[in-house]
Amino acid sequence: MTRHPQAWPGTPTSLADYLHKQRIHPCVQAASTDELLRTLARSLHAAGTISVPHTLARAARTRLTQGSKGFHGIALLPTRSRTVNTPAAAFARIPPALAWQGDDRHPIHDVFLLVAPRTPKNTGYVQAYSTLARHTAHAGFRRMLAAARTTDELYELFRLIR
């Protein structure tokens with residue numbers, strides 16, 4: 001089982017605390033959005049953070065169709081589900097053929113799946129996820145994200161998000 005930090009007031013939490021290297025996919029191979037979501041869900045399942053990957057993939061698909069499609073080429077898909085054992089995240093850089101149009105009409109190329117239980121025991125992940133959302137609004141962060149090509153480079157960038 002993956003261990004996650006407990007959030008105490010005033011304690012900085014890094015996105016990397018929830019987004020481990022095994023769940024970073026810098027060149028995901030998927031033929032459809034559904035396959036992409038299944039790939040991300042399976043990586044969360046392999047880490048022990050979720051119990052039923054197909055249920056989480058369905059919940060993420062619903063989130064994508066009913067919520068924001070993304071901005072600045074980045075989609076943040078926060079999903080709460082009964083299948084989530086502990087807060088976690090997964091990342092994928094998708095090929096241009098798989099990209100969809102964001103709410104700002106920019107094609108999406110980076111996807112963060114941010115998951116949490118329906119009734120979380122701690123809320124440290126909220127700080128990490130909201131900080132990620134603020135970072136994606138800044139052009140400098142988006143340039144660094146686009147320049148990061150490997151799992152290690154992406155992980156080091158995610159460690160800076162506090």
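Throughout, read-outs are computed from the coordinates displayed, never taken from laboratory work. Quantities reported herein were computed from a predicted structural model and do not represent experimental measurements. Glycine gets a Cβ as well: all are built from the backbone with ideal geometry, and neighbour counts include every protein chain shown.
Were the residues from residue 27 through residue 162 laid out at 0.36 nm apart, the gain over their Cα-Cα distance would be 46.1 nm. Note on the chain: with charges restricted to the Cβ of Lys and Arg (+1) and Asp and Glu (-1), its dipole about the Cα centre is near 340 debye. The simple spin-label model puts a point 7 Å past each Cα toward its Cβ; for residue 46 and residue 152 those points are separated by 1.9 nm.
Based only on Cα atoms, what mean projected area does the convex hull of the chain have, in nm²?
Over all viewing directions, the chain projects a mean Cα-hull area of 8.6 nm².
Residues considered: 101, 127, 66. Largest GNM mean-square fluctuation over the chain, using C-alpha springs under 10 Å, is found at 66.
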